[in-house]
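Read through the structure below, which is laid out as structure tokens, and then see the notes.
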Amino acid sequence: MHRPSVRAALTTVLATVALAGCSLAGTGDEAQDPATSSSDGAAAEAGGPVVLATHESFTLPKKLVRQFEAETGYELEVRAAGDAGTLATKLSLTADNPIADAAFGIDNTFASRPLDEGAFAEVTPTLTPPAEYALAEGGDRLVPIDSASVCVNVDTAWFDAEGIEAPRTLADLTDPAYADLLVTPGASTSSPGMAFFLATVAEYGDDWPAYWTDLLANGAKVVDGWEDAYYGDFTAGSETGTRPIVVSYDSSPAFTVTDGATTTAALLDTCFRQVEYAGVLAGADNPDGAEALIDFLLGDAVQSALPESMYVFPVMPDATVPADWAEFAPQPTDPYEVTPEEISANREQWLTEWTDVISR
Amino acid sequence: MRRLLALLALAAGPVLVLGVLFVLPVTGMVSEGFFVDGSFAPGAVLEVLARPRVHRVAWFTVWSSGAATLLAVVLGLPAAYVLHRLALPGRAAVRAALLVPFVLPTVVVGVAFRQLLGEGGPLGFLDLDGTPVAIICGLVFFNLAVVIRTVGVAWESLDPRPGQAAAALGASPSQVLRTVTLPALRPAIVGAATIVFLFCATAFGIVLTLGGVRYSTVETEIYLLTTTVFDLQAAAALSVLQIVVVVALLALAARLRATPDPTAHRTVTPVRAVRRGDAPAVVATLVVLVAMLLPILTLVLGSLTVGDGWGLANYRALTTTGDNQALLVPVTAALVTSLRTAVDATWMALLVGVSVALIVTRRSHSVAERRVRSTLDGFFMLPLGVSAVTLGFGFLITLDQPPLDLRDSPLLVPMAQALVALPLVVRTLAPVLGGIDDRQRQAAASLGASPLRTLVTVDLPVVWKPMLAASGFAFAASLGEFGATSFLARDDSPTLPVVIFRLIGHPGEMNYGMALAASVVLAAATTLVMLAVERLRVPGVGALA
Amino acid sequence: MLQLTDVTVRYGDTVAVDDVTLDLAAGQVLAVLGPSGCGKSTLLRAVAGLEPLTSGSIGCDGADLAGVPTHKRGFALMFQDGQLFAHLTVARNVAYALKLRRTPSARVAARVRELLELVGLSGYDDRLPGTLSGGERQRVALARALAVEPRLILLDEPLSALDATLRERLAGDLREILHAAGTTALLVTHDHEEAFALADRLAVMRDGRVVQSGAIDEVWRAPVDEETALFLGYARVLRGTAAASVLAAAGLPAAPAVAVRRSALVVDEAGEVAATVESARVTPEQVRLKVVADGLGAIDAVAPLGTRVSPGDAVRLSVDVTRLAVLPIRPPA
């Protein structure tokens, strides 16, 4: 019994040593620590790091990061974690000691909170995005970068096969002809879910609870997140899906293209537009770098890459959009609107009421 | 008195660690709610507790977690018996595989469950999708391994003779189980149930995914209030409520555990051949295993589906960044990050966990000393029961000034994971250390051994193999940790669960397939690690090879 | 009432119990005596139904016990360290078997009182096993085993965990209690004192086999071989000329081997063996000597209390015939 235990002990020791080599502790992250290296003021003139705080859906291709670093001499570090709400909360809570230099991914549904907390500094980008995306309040601090509209999507292939006409408007969704066919992510747990809810608020005003009651009575299914709805229940997104109507994005039909045609469509009269903004954080270590980053986000390279990397439309009119998008994902011309101030003032009450309606 | 002071000095290290990484952030975040515009205003917080919605949420949390815990214990006991006491072929592999659910990202399990239970799924006829039953099933799926492992190890080292004496006195096997075996296993069962309850009560993703947002628990409500509604008073109220309930529960558990522990005198009972009387337990275990396997099977099949046929394309794609560059780093790189992070989290959890286990198990010489020890014991369980959201935001607002400027540190993620793994380490080691006869230490000391030498010569030889088991557990917990990690992980070095979450959140058939393939890889990696640990693990604890 | 016929228990290639045949009459106490690892505990467990037989049979009152599970055999089992149920009080431990049989609670209380009195532990009802001494725990275990008047009680080294004084006292009590209750008992032990203190009959076991069995005094008087003799407490075995001179001094016919107890040689003026005292030690009952005797070499001897001898003294020794046993000639292997 002695020998095997010695051998086991040796193996363990060797394995531990090998694993210790794997530790993160020794991987020299000191060089990337912006908090210590930029506070001496030298960073601003000689480039130095720029830290971007954003949400988990943010993706910037490596090539573009390298291009930014080569053009400006700054070093870009991206901190992406949590959803848009988490990002807004983080920025609001750390307004006096920011976690980064710049932030991207605050959308019009969450904009007023960090603005009220004074998280953003004024910024004047070199390029001017179209005025239609600008915020009425805080437009001097938050710069629009992209937009994506949340629209009801339908599985046109399913409707063709069943020989039923697909719905077109929000009102159609309560029609018994479409009973048990809709699935939507929840307003309380999902950003597109919230956007769809806001569309119904914009359409029905204070009568939205009645609409939602009808919607649920007509068999609408409410799930946690977009991925549950799209991949769990949507007929075009899941093998076992049973519902051909889903709340998704205006760009979604570009991802269901087979043999040169798309099998789904976004209902352009049901859309709520989400615009994502970027800004320089108040008290940032490297405000110049942050401003350079925002200019870069508005530049053609990033704007044209947005559809491919983040499934959103660029705000700059001259940016290139992929052929599939141009062909299969038309954008709504007149989406529903609710101002950030109104959202901010009513969100809690709306969500409480909404949760009550769907829990009944 | 001197002993008490020495004890406090010894506890200072771990307490300081937990103070900085847990108490400080949570207090910081909770006080955001108590202070309105700089002045202390507890009224608003207390008012929140009177809301009917808060009562509803609290009640749902308690009953759903309670039901899930009960079910996990009931289903886990026969499996613990069969897998730890009977000589069945492939026991080791099954035991290792049982930990897989423990590390699977909730979002993936959610999708797998919904494919099974959803309207078009094979179990759709049960009509469970979006019901509390589905939530409870999901919670049981995640936590069954905790019961099987904790109770199984205790069962292995249970002296069979009291049961035989009872049988000779005329007790039928079921009477022996009820009157002798279960009471003897009570400390282990209570310990496991406590951990499971805490995991369930703070479960997040699974509640949202399977409950279809109709059901809120305290944890999901805190998340909603903090990130979406920004009602920090209400969030603080719920956090405080959560802490109070958790502390009460831990106190109750400590009381229930504090019976003479018959497993303290470690004996190793050899596994025995299966007999006819074992049939119900074996059948129950098989049913449980099949039920556990179904969602995993769904995942595996999904990962092998390419277009309308079968193939390995999803696995080959793991070295890429996905359709339309959904990822910054390929899945393989994320796996490496995951493993490295888990190594760090494991040594951190072990370092603190071993000291805590040593402190809480040394024999107390006075009532005050015993109180201090049992308070410490409960204190280190707290991180399991407190909202990850509160803790995560607390990190950001409290650990932002030198000398505690940790929020940019690459070690923050393993630190957070180590906090989650710590209770698992303590609960695994404490019974073993508690089982060492204090006289052995006294004998060593009387022969001239210094306290350190006593530790090395008496405690370490007994504990090093259980320590491996604990590290395996911690490693697995770290591999699968998502809540805190997704909050803190840096974009350039995401862990595998974070990457899986990202893949599944991006449109594109390949991304979905890759998410499933990556989950299978994560599961396989976990199984391999656990199998390796199993090989090093001695049956029972404290047995020297 | 208990018949073991050709009982064999095998674990893989190891034979733990090898072809054992034993009989135990009602009311008797049989001790199976053997060194550790001889298979005696396995034999006990086989009787209890905890160990499946490889071959052979165990019968009780004429009925074959094959296939009867432990809890239906109506036996009671008492382990070395009691194995009380740690989570139950003394009273509830004793009442355990009664409760299993759904005895009315008034009767249970009365019986528990009676049994605790029998084992001398009145008033211990509400104590937890953890607070009892080793001897007290054994008594509770005994009370628990006797509670439902089992037809057979199985004792696994019931006294060996106790210290000498306690063992002696409890042994006496145990024997009395067993006889008073008329209980049939099967006892396994490695300690011949324990066997002599409790049993009427003895079976000596070695390497899985019963090498000798019979009434206690028969076995004691005539051990079958040297190992058995030593195991039964004989101090040495003398051979050849040494054996011859001891037997001659005792007036017995010559034999090749004789086992002697420590007290077989007694200082006696009229003794036939001459010896020189090496050392002397006074014990409460006699003086123990080490002597060098003519024709025997160094050997133990005793003298009555009060005898004054010191190292170097020449003494005469006589041989006490009741304290030696002539060993049979071993058949050629």
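Coordinate-derived values only; no laboratory data. Note that this is a predicted model, so its numbers are computed, not measured. A quick note on method: Cβ atoms are made from the backbone with ideal geometry, for glycine too, and the neighbour counts reach across all protein chains shown.
The angle between the Cα long axis of helix A:208-217 and the longest principal axis of the Cα atoms of chain A comes to about 80 degrees, rounded to the nearest 10. About its Cα centre, chain C has a charge dipole of approximately 960 debye under the convention of +1 per Lys or Arg Cβ and -1 per Asp or Glu Cβ, with nothing else charged. In plain terms, the bigger the Kirkwood radius, the slower the diffusion; for the protein assembly as shown, with that radius from Cα pairs, at 10 °C and 1.306 mPa s, Stokes-Einstein puts D at 45 µm²/s. Over chain A, DSSP H runs of length four or greater, each weighted -39,500 (n - 2.57), average out per residue to a 222 nm ellipticity of -11000 deg cm²/dmol. For the stretch C:234-318, the Cβ-based charge dipole about the Cα centre amounts to some 300 debye (Lys, Arg positive; Asp, Glu negative; other atoms uncharged).
I'd like the Kirkwood hydrodynamic radius of the stretch C:246-333, using the inverse of the mean 1/r over distinct C-alpha pairs, in Å. Please list the in-between numbers first.
Details: mean 1/r = 0.0742 Å⁻¹.
For the stretch C:246-333, inverting the mean 1/r across all distinct Cα pairs yields 13.5 Å.
Largest GNM mean-square fluctuation across C:D207, C:D217, C:D81, computed for chain C with C-alpha springs under 10 Å, falls on C:D217.
Per residue, what volume in Å³ does the Cα convex hull of chain A take up? Don't skip to the end; give the middle numbers.
Working: hull volume 74.2 nm³, N = 360.
Expressed per residue, the convex hull around the Cα atoms of chain A is 206 Å³.
In chain C, excluding the sites themselves, the longest stretch lacking any of the trypsin sites (Lys or Arg not before Pro) that are in a DSSP loop with at most 12 other Cβ atoms within 10 Å is C:103-307. Its residue count N fixes a reference of 2.2 N^0.38 Å for the stretch B:2-536, and the Cα radius of gyration divided by that reference is 0.98. More than 18 angstrom separation, counting every C-alpha pair in the stretch A:258-359; what % is that? The share of Cα pairs beyond 18 Å in the stretch A:258-359 comes to 67 percent.
A Förster distance of 30 Å, applied to the separation of the beta-carbon atoms of B:L447 and B:L10, puts the FRET efficiency at 0.85. Chain C gives an Rg/Rh value of 1.06, both radii derived from C-alpha positions and Rh following Kirkwood.
With the helix formula -39500 (n - 2.57) applied to DSSP H stretches of n ≥ 4, chain B reaches a computed 222 nm mean residue ellipticity of -22500 deg cm²/dmol. Shielding of peptide C:97-106 by partners, expressed as the average count of other chain Cβ atoms within 10 Å per residue Cβ, is 2.
Taking only complete DSSP H runs, can you tell me which helices of chain B stretch 20 Å or more along their own long axis by Cα positions and average at least 0.0 on the Kyte-Doolittle scale? Could the numbers behind the result be given before it?
Values: long enough: B:2-18 (24 Å, 1.84); B:52-85 (48 Å, 0.82); B:132-156 (34 Å, 1.77); B:182-201 (27 Å, 1.85); B:232-257 (36 Å, 1.91); B:279-304 (36 Å, 2.44); B:331-361 (42 Å, 1.65); B:412-434 (32 Å, 1.70); B:460-480 (30 Å, 1.23); B:509-536 (41 Å, 1.26).
Span-like helices, by this rule, are B:2-18, B:52-85, B:132-156, B:182-201, B:232-257, B:279-304, B:331-361, B:412-434, B:460-480, B:509-536.
The three principal axes of the Cα atoms in the stretch C:219-289 give end-to-end lengths of 33, 25, 18 Å, sorted in falling order. Helix A:62-72 and the long axis of chain A differ in direction by around 60°, with both axes built from C-alpha atoms. Among C:L178, C:L186, C:L252, the residue with the largest mean-square fluctuation in a Gaussian network model of chain C, with springs joining Cα atoms closer than 10 Å, is C:L252.
Screening chain C for whole DSSP H helices of 20 Å or more along their axis (Cα) with average Kyte-Doolittle hydropathy at least -0.5 returns C:164-181. Of all beta bridges that DSSP places with both ends in the protein assembly as shown, some 70 percent have antiparallel geometry. Rounded to the nearest 20 debye, the dipole magnitude of chain B is 2280 debye, with +1 charges on Lys and Arg beta carbons, -1 on Asp and Glu beta carbons, and the Cα centre as origin. Mean partner shielding of peptide B:226-238, defined as the number of other chain Cβ atoms within 10 Å of each residue Cβ, is 5.
Simple rule: put +1 on each Lys or Arg Cβ and -1 on each Asp or Glu Cβ in chain C, find the dipole, and look at C:A314, C:I153, C:Q286; the Cα lying farthest toward the positive end is C:I153.
Between C:A25 and B:S366, what is the FRET efficiency for a Förster distance of 60 Å, r being their Cβ-Cβ separation, to the nearest 0.05? Working shown, then result.
Values: r = 58 Å, r/R0 = 0.97.
Plugging the Cβ-Cβ distance into 1/(1 + (r/R0)^6) gives 0.55.
Counting Cβ atoms of other protein chains within 10 Å of each Cβ in A:289-296 and taking the mean gives 0. Relative to the longest principal axis of the Cα atoms of chain A, the long axis of helix A:300-310 lies at roughly 70 degrees.
From least to most packed, judged by other beta carbons within 10 angstrom and beginning with the fewest, B:V290, B:V196, B:V190, B:V499 follow the order B:V290, B:V190, B:V196, B:V499.
Dipole of chain C computed with +1 at Lys/Arg Cβ and -1 at Asp/Glu Cβ about the Cα centre; of C:S122, C:A48, C:G37, farthest Cα towards the positive end is C:S122. Taking C:A185, C:A264, C:A76 in turn, the Gaussian network model of chain C (Cα-Cα springs below 10 Å) assigns the largest fluctuation to C:A264. Listed from fewest to most Cβ neighbours within 10 Å, the set B:S450, A:S188 follows the order B:S450, A:S188.
What order do you get for A:T339, B:T305 when you list them from fewest to most C-beta neighbours inside 10 Å? Could the numbers behind the result be given before it?
Details: A:T339 14, B:T305 18.
Taking fewest neighbouring Cβ atoms as first place, the list is A:T339, B:T305.
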